[in-house]
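Comments concern the structure below.
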Amino acid sequence: MGKILIERTKKGFPCLWEAGGGFTNTGEATIIANKDGQPKKPLYVRRRGHLVNSEHALIPVAVGDYVISANHHRDDFEIFVYRITKISKEEASIEKIAEFSNGEWDNLPQFLEDAVEAAMYKATCYHCREPHF
């Protein structure tokens, strides 16, 4: 169990940012998927300001959604898949579902493969400026 900070819209909806991108040899990304592993519709997509490897799409989240966090150094990836278990005022409780390290998965659910591929692609997208999932 862990916790991550969330943002609230003006109407009070809990959200997380799809964010990240790659540099020459490193990169990181955060992707959000619904309970079925499918993309969620963003409430807002940033088009101006500093976009490189930053926050790109504000995604509403709910209990049961998945957060995929990927980072790499020279394409040696570490990927963590979390499920949101509870949402409070300023944070969400998460539990780790799967992990990729040392070249292999411990137990990735098949329905999340597209979201994980999007996270890997975003983490390697040089100076990423747009959402990927």
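For segment 1-72 and segment 84-133, what is the centre-to-centre distance using only Cα atoms, to the nearest Å?
10
Specify the residue with the greatest mean-square fluctuation among V116, V45, V61, computed from a Gaussian network of the chain linking alpha-carbon atoms under 10 Å apart.
Result for the chain, Cα springs under 10 Å: V45 fluctuates most.
Which Cys residues of the chain have no other Cys beta carbon under 4.7 Å away?
C15
Using r as the Cβ-Cβ distance of E117 and M1, and R0 as 30 Å, what FRET efficiency do you calculate, to the nearest 0.05? The partial results should precede the final answer.
On the way: r = 27 Å, r/R0 = 0.89.
After rounding, the FRET efficiency stands at 0.65.
GNM on the chain, C-alpha springs below 10 Å: top fluctuator among E99, E78, E90?
E90
I'm spelling it out carefully: the read-out is Cα extents along the principal axes in Å, the candidates are [x] 41, 37, 22; [y] 42, 29, 25; [z] 49, 37, 19, and one was derived from this structure. Which label?
Only one option fits the structure, namely [x].
Label point 7 Å out from K35 along Cα-to-Cβ: which residues of segment 84-103 have amide N under 14 Å?
Only 84-87 fall inside the zone, counting backbone N under 14 Å.
Please give the calculated 222 nm ellipticity per residue for the chain, where each DSSP H segment of at least 4 residues contributes -39500 (n - 2.57) and the sum is spread over every residue; nearest 500 deg cm²/dmol? Please list the in-between numbers first.
Numbers: 1 runs with 12 residues, N = 133.
Dividing the helical sum by the residues of the chain leaves -3000 deg cm²/dmol.
In whole Hz, what ³J(HN,Hα) sequence does segment 46-54 give by Karplus (6.51, -1.76, 1.60; θ = phi - 60°), x for Gly and Pro?
6, 10, 10, x, 6, 10, 4, 6, 10
Assuming 0.36 nm per residue, please report the length gained on full extension of the stretch N107 to R47 beyond their Cα-Cα distance. Don't skip to the end; give the middle numbers.
Numbers: separation 60, 0.36 × 60 = 21.60 nm, distance 3.64 nm.
That pair, N107 and R47, stretches by 18.0 nm at full extension.
Report the local net charge at L43: Lys and Arg +1, Asp and Glu -1, summed over other residues whose C-beta lies under 12 Å from its C-beta. If you can, show how the numbers build up before the last one.
On the way: positive: R8, K10, K11, K40, K41, R46; negative: E7, E18.
Combined, the nearby Lys, Arg, Asp and Glu give +4.
Full-extension gain between A62 and E130, please, as 0.36 nm times their residue separation minus the C-alpha to C-alpha distance. Mind showing how you got there, number by number?
Details: separation 68, 0.36 × 68 = 24.48 nm, distance 2.29 nm.
Gain on stretching A62 to E130: 22.2 nm.
Taken together, the values in this text are just the output of simple stated rules run on the coordinates, not laboratory data. Source: prediction; values computed, not measured. Because the Cβ atoms are built from the backbone with ideal geometry, glycine has one as well, and the counts that use them run over all protein chains shown.
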